[in-house]
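In what follows, a structure is listed as structure tokens, so that the remarks can point back to it.
Bear in mind that the values in this text are calculations on the coordinates, not laboratory data. In this text, all values refer to a predicted model and were calculated from it rather than measured experimentally. Note: ideal-geometry Cβ built from the backbone for every residue, glycine included; neighbour counts use all protein chains shown.
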Amino acid sequence: MSQSTSIPKKQQRVRDHGFDNYMEIEKKTRKILKFQSLIFSQYNQTLPISRLDNLAGRLGFKQFEAGAFILKFPHVFEVYEHPVQRVLYCRVTRKAINQIMQEKEALLAQIPDAVTRLRKLIMMSNAGRLRLEHVRIARYEFGLPDDFEHSVVLKYPQFFRLVDASDTRNKYIEVVDIDPRLTVCAIEKVREREYREKGMDAEDVRFSFLVNFPPGFKIGKYYRIAVWKWQRVPYWSPYEDISGYDLRSIEAQKRMEKRAVASIHELLSLTVEKKISLERIAHFRMAMNLPKKLKEFLLQHQGIFYKGELVEPDDLYLARRKLGALVLYSSRKANLDRGLVSYGRGREDDEMERFRRGCEEDGFEGGKDGKDGEGEDDLNLDLSCDVGSDFTDEEDNADEI
């Protein structure tokens, strides 16, 4: 029997079709959010169909792909004829606008919780500070408003302060002091609940994580033993200062490996939807002593970062899920001639027919699911303890966890 407490790096890879379908919805949702931002940036928050391809090209859409895309989601985008100009325009539907307003209201209502999440996030860093830009990129995941620098950081000087780096032009957010009440990890609360409810052996629960493998994942005898041993390995808390420890020993390296798992687990628990892209975790890698090869590291511990629905969803999470519900509505079931898509005089004019036929002739039929993932990121890895509004080029190659 192996005496090693490390989990084998080479493991069986099992494809979860349920998560594959979930990530397909995520891809569509990200494109929809990009399109919504584009439309809202236009005059009167409407976009002429004649300019659709040119402007959508900035978002990575190919020629004629943008027109086919908006026709697939008539519950989100409305194509209508201008009553005076007699040309086609695109705008966001009332249902989608209501969802956006509900999300904004929920976002403002949970600002106090966002303050606590940001404090805990910064307290996990080695120096008690994080780059402002890195937090800005991940603000959507942590439930921070777009103007969080003013509405959160500067508004609460008793908790945060902005500092300029002496050697660079970067700004950093620092915590004013360490609150011991905030240094309790989410997994520690879970362990306490498990111990109280199930009466499990204290030694087994003390350093363990909940494990839930994907369907079809086969656990061999020796792998099960390795996981059991690894679960009993002690480790330092993500909030603990380790600057004074000697990290060169094998025992210290084992603790640091498990501490990295705990850090990512705690980071995920601080997000609204308990998910975040690998690229955005990488921004905090140096500050939190995380491994370089994050994807391989997380796959090695995939049973810990695998979960379905949230146990305790909040209002912000529920508001964001409503957009996913609009995405799920099939365009084939939508009545394109009434309600969501208006053609001015209640008929489909020649311009609309040409627009639709042009999309179909180029292989982008509105009622079919085309290759929406083309040019998108490979999001087949969803390891959660999932849609950002900060659309930068760097996230298009990120894996989702």
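Tabulated results
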| quantity | calculated |
| --- | --- |
| Estimated FRET transfer efficiency when R0 is 51 angstrom, pair SER249-ILE25 (beta carbons, to 0.05) | 0.65 |
| 3J(HN,Hα) from dihedral phi, segment 15-27, Karplus parametrisation 6.51/-1.76/1.60, rounded to Hz, x for glycine, proline | 7, 9, 5, x, 6, 4, 5, 4, 6, 5, 5, 4, 4 |
| Largest to smallest principal axis extent of the C-alpha atoms in segment 111-180, angstrom | 33, 28, 19 |
| Stretchable slack from ASP147 to ASN98, in nm (0.36 nm times residue separation minus alpha-carbon distance) | 15.5 nm |
| Square roots of five times the Cα gyration tensor eigenvalues for segment 214-269, Å | 26, 16, 7 |
| Gain on full stretching of the segment that runs from ASN54 to ILE219 - 0.36 nm per residue minus C-alpha separation | 54.3 nm |
| Linear extension gain, ARG86 paired with MET286, 0.36 nm per residue minus alpha-carbon span | 66.4 nm |
| Under 5 Å, built H, 5+ apart or other chain: amide partners of PHE159 | none |
| Amide hydrogen neighbours beyond the local backbone of PHE77, cut-off 5 Å, H modeled | THR93 |
